[in-house]
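Worksheet: one structure, shown below.
Read-outs throughout are calculated quantities, based only on the coordinates presented, and are distinct from any laboratory measurement. Just so you know, these numbers come straight off a predicted model, no measurement behind them. Reconstructed Cβ throughout: ideal geometry from the backbone, glycine too, with neighbour counts over all protein chains shown.
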2 protein chains.
Amino acid sequence: MAVKLGILGLGTVGTGTVELLQDKLGRHPLLQEIEIYRVGVRSLTKHRDVELSPEVITTDLEAIVNDPAVDIVVELMGGLEPARTLMLTAIKNGKHVVTANKAAISRFGAEIFTAANEAGVYVMLEAAVGGGIPVIQPLKQSLSVNRIDTIIGIVNGTTNYILTRMQTEGSDFDDVLADAQKLGYAEADPTADVDGLDAGDKISILASLGFDGRINRDDVYCEGIRQVTKTDIAYSAKLGFVIKLLGIAQHLDIDNSQLSVRVHPTLVTTNHPLASINGVYNAILVEGQPIGQVMLFGPGAGAGATASAVASDILNVVAALKTTTPKPNPLLACSHQHYCQIAPISELVTRFYARFLSKDQAGVIGKLGTCFGNYGVSLESVVQTGFQGELAEIVVVTHDVREGDFRQALAEIQGMESIDSIPSILRVL
Amino acid sequence: MAVKLGILGLGTVGTGTVELLQDKLGRHPLLQEIEIYRVGVRSLTKHRDVELSPEVITTDLEAIVNDPAVDIVVELMGGLEPARTLMLTAIKNGKHVVTANKAAISRFGAEIFTAANEAGVYVMLEAAVGGGIPVIQPLKQSLSVNRIDTIIGIVNGTTNYILTRMQTEGSDFDDVLADAQKLGYAEADPTADVDGLDAGDKISILASLGFDGRINRDDVYCEGIRQVTKTDIAYSAKLGFVIKLLGIAQHLDIDNSQLSVRVHPTLVTTNHPLASINGVYNAILVEGQPIGQVMLFGPGAGAGATASAVASDILNVVAALKTTTPKPNPLLACSHQHYCQIAPISELVTRFYARFLSKDQAGVIGKLGTCFGNYGVSLESVVQTGFQGELAEIVVVTHDVREGDFRQALAEIQGMESIDSIPSILRVL
C-alpha cells in the first residue's frame, strides 16, 4: 500500500518536491510507493506550476494533520507558527514529519523531538541546513562514530553571494545588497540573512547533531556582514585572506565541558577549503577523531536542491516503514539484477589536450587544422608554445569530440611528413 | 545483548577500527552494544598496537565466518582471495558483512550481493571508496532521489599526491614516485595506484550505486599517470588547467542507454571544484537532477579515516538489527535529553584582525603593542597599510587570544589620545 503524504505549503520548495515526486523515472524505486495524498495551500485560485487534482489541494491544513489516512506530514511552509503547532498535532496523531524549517527546529526542537520520541515517530530535517547537501544524515550516521571537534559552515547563500561579489568586484556592501535584491538573491527584508540569524539557526542544528545535545538558540552569538567593508576585504586579500560568514561550533576547552556556537564574518586563509566556496554555494567542514577533516559542498538553496533533501527524508521514512520486519532495509542493501551497459572509450565524447612536435613550422598548423576538420574535430585553441631543439612544439585543445574520431585524426597526423611525434594526449573536463 | 563482531585482518585499518571501538567516549551511544568477539590474524606472535585478550585473537579465519555466535563479519584483509570465499561463507551462514575491499567488491559484487540478498543480510562498503568521506550511504540515501548525470572522483590519494607535487615543484614523475615510496605514500609496487586500477575499482562501485546497476569491472577503461610529464603540467598551467587523475562515470548519450565509466589523467580548469583537491585528499563530485552539483571531500585513506567508515557501517547494521520492531531507528530519531552548555562569546579563543585609524603615526604601534601585551594579546603581524586623509591606518592580526581579553585591550586602546577609531574587528580562522 502506498505511503500517503500530506504536504503543507506549495511555494518554491513545495512545488519542487511535488515535481520530483511526480517524475519518478531514474530515481530510487521506492519512490513508486509514495502517494501525494493532500497538499495544503493558502489560496486555491493561485496559479501553480504543477498539476494536482482538485481533491488533493485544500486550504484546511488542520484537516491534513488530523487526517488518519496521512502517514507523513511534509512541512514546507516555513515560519514559526502555525508550522510548530501543525507539526506537534501531526506528531500527536502518530504521523512522521519531514520539515525544511530551520527556524522552527532550532527554536522548538526540544519540544518537537520530545513529542516525536513519545509518539514513536520520525522528524526528519535534511532540508533545513545546506539545501541539497547531504549533511544531516551523514552527521547522524557516518560521522557519528567520530568524536567531533569542530563544525564550520558557510550555511547562508545570500551572504556568501554578497561577500563573493564584494571580493571580486571591490564593491560596497550596500550596492551589492541592492543588486542582490534586484536579482532575487536577497529578500526585500534581508535581516535574517545579512545579520546572521539564518546561519545561527543552521549552526544550532548542526551543533546539536554533531555534539549530541540540545542547543538553546538564544545562546548562539550572531554577527552579520553589514559592517564588512570593501576596504577590509582588500586588506584581507593582501594578507592572504578572504572574508566569509561562518557558522562555527566547537569544543571550547580541553575537558569538553563547554561548546562555542556562533556566527560571524571571519578571515579565512586563501588555501583553506572554505575559502574557495563562492557565490550561493554552501559548504560544511567537519573535523573529528579519528576521521580528520571532511567537507560537504553543494547548492545551499533553490527549489531543486531543497526538494532533493526533502525527498530523501521522505524516502528514509518510507524505507523505515517498509522494514518493520527483519527484511533488509532497501536503503542499505544492494539489489541490482542487471548489468549496466558500459560504452567503449572510443564512444566517449570529451575535450582533448594534445601536444605535437613538428619539423616544419610554417604550414603545420594549417595541416593539423585541415586533418582534424576532416574527422569532425573542432579546435578550441592552438598554441605554438616554443621549441625543443629543432622541433616546434604545438599544443591544441579541442571542443567536445568523439574519442574514436579524434584518435583516427591523430593516426593520420602521426603519419604526416612534418610531424615528429605526439608526446601528450590528455582529456579535458 | 551485544552484537558480536568477527574482524578479519588486523593491519592498519583493522587496528584503527579496533582502537575506535575500544574508545567509545563521545561517540554514538549505540557503539556500546558492540563486542569485539573474534579477530582473525595471520600471525599470533606479531606485535600489536591494540590490546586484545588472547581468546579473541585467532589465526583460524574459517572458524570466525562459521562461528554461530558472530553477527557481523568485518573483512579488512584486502585482496581477492581468501577474502571473497570468507565473505561468501559468512553470508551463507546468515552473517552481515562490512568490508573495505574495493578490489573484491568491484569484481565479485554481483556474486556477493546476490548471495546477501538471498540470505537477507547486509553487505556494507563505505570504507571501500574515499576513505572516511561519507559517499556510499549518501549515494544510497540522500542522493538516490535524484537522476544522476555524472560522478567524477579523485579517488586515489597516491596519484593525487604525486600529481600535486609534480605541479607545485615542477618535478618529474619518476622522481616524485621514488620519493613518495620513501615517504610511505606509494607502495613498493605502485602499479595498482599509478596505473589507475585502484581508481577503476572505486569508480566502478560509485557508478553501480549512482546509476543503479551492476558494472562489469573489465569494461572500465583505466589509464594511469605514468605518461604525465612536468612539461604537460607546466603547459596546462599556462592554459589555466591542472592535471588530475579522475574516475568518471556518466551517461554517454541522450537516451541514457549507455554509461561511460573510465579512469584517466584529465586537465581540469583551475576554478573547477576538483582542481583544488590536493595531496592525499579525495573528493567525489556528483551531478544530478534536480540537486545540481554536490561535492564530498576528505581524507581518502589512513587508519583513522578508514576506521571511521568501517565503524559507521557497523553502526548502521547494529541500528538495523536493533529496529526489527516498529520502534524508531536510533540513527534517524533524535533523542537528546540534555542541553549543551554554550560558552559566551567572550570565552572564545580565536585569532583577530583589527584595523585602527590613528592621529599619531610615530609612536602608535608601540603603544598598541604595549597595551595588547598587558592583556596577554600577542600579535602575529602589524602592518601600517596607508593613510586616510590625516589618519594613519594600521592593521593587526593576533595570535589566538581569549575574546574577552582582546575586547578589554580594545576598550583601553579606544580611549587612547592617539587613536581616532577602530573601524574593523574580525575573527580569523
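The table for this structure:
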{"item": "Shielding by partners, peptide B:296-305 (average Cβ within 10 angstrom, other chains)", "result": "5"}
{"item": "Neighbour-count order for A:His251, B:His96, fewest beta carbons within 10 angstrom listed first", "result": "A:His251, B:His96"}
{"item": "Burial order of peptide ranges A:386-395, A:147-156, A:234-243 (average beta-carbon count within 10 Å, highest first)", "result": "A:147-156, A:234-243, A:386-395"}
{"item": "Cα-based reach from A:Lys367 at 24 Å (exclusive), listing lysines while leaving out same-chain residues under 8 positions away", "result": "A:Lys359"}
{"item": "Spin-label model distance (nm) - A:His399 vs B:Glu417, 7 Å beyond Cα toward Cβ", "result": "7.3 nm"}
{"item": "Shielding of B:130-140 by partner chains, average beta-carbon count, 10 Å", "result": "6"}
{"item": "DSSP beta bridges in chain B [antiparallel fraction, %, rounded to 5]", "result": "75 percent"}
{"item": "Cross-link table A:Lys4/B:Lys140; A:Lys46/A:Lys182; A:Lys322/B:Lys4; A:Lys102/B:Lys202, entries beyond 31 Å C-alpha to C-alpha", "result": "A:Lys102/B:Lys202"}
{"item": "Under the Debye formula (equal points on every Cα, no solvent term), log10 I(q)/I(0) of segment B:346-428 at q = 0.12, 0.15, 0.23 Å⁻¹", "result": "-0.29, -0.46, -1.10"}
{"item": "Kyte-Doolittle mean at least 1.0, axial Cα span of 18 Å or more - DSSP H helices of chain A", "result": "A:303-321"}
{"item": "Residue-averaged beta-carbon neighbours from other chains (10 angstrom radius) around B:104-116", "result": "2"}
{"item": "Candidate aspartates and glutamates - alpha carbon under 13 Å from B:Lys230, same-chain residues fewer than 8 apart omitted", "result": "B:Glu169, B:Asp172, B:Asp174, B:Asp175"}
{"item": "For chain A, diffusion coefficient by Stokes-Einstein and Kirkwood Rh (Cα), 10 °C, 1.306 mPa s, µm²/s", "result": "63 µm²/s"}
{"item": "Beta bridges by DSSP in the protein assembly as shown, antiparallel share as percent, to the nearest 5", "result": "70 percent"}
{"item": "Alpha carbon centroid spacing (whole Å) that separates segment B:100-151 from segment B:190-247", "result": "19 Å"}
{"item": "Alpha-carbon Debye profile of the protein assembly as shown, log10 I(q)/I(0) at 0.09 Å⁻¹", "result": "-0.98"}
{"item": "Segment B:154-305 - share of DSSP beta bridges that are antiparallel (%, nearest 5)", "result": "90 percent"}
{"item": "Cα-derived Rg over Rh, computed across segment A:136-299 with Rh taken as Kirkwood radius", "result": "0.98"}
{"item": "Dipole-positive endmost among A:Ile72, A:Val382, A:Val397 within the protein assembly as shown (Cβ charges, Cα centre)", "result": "A:Ile72"}
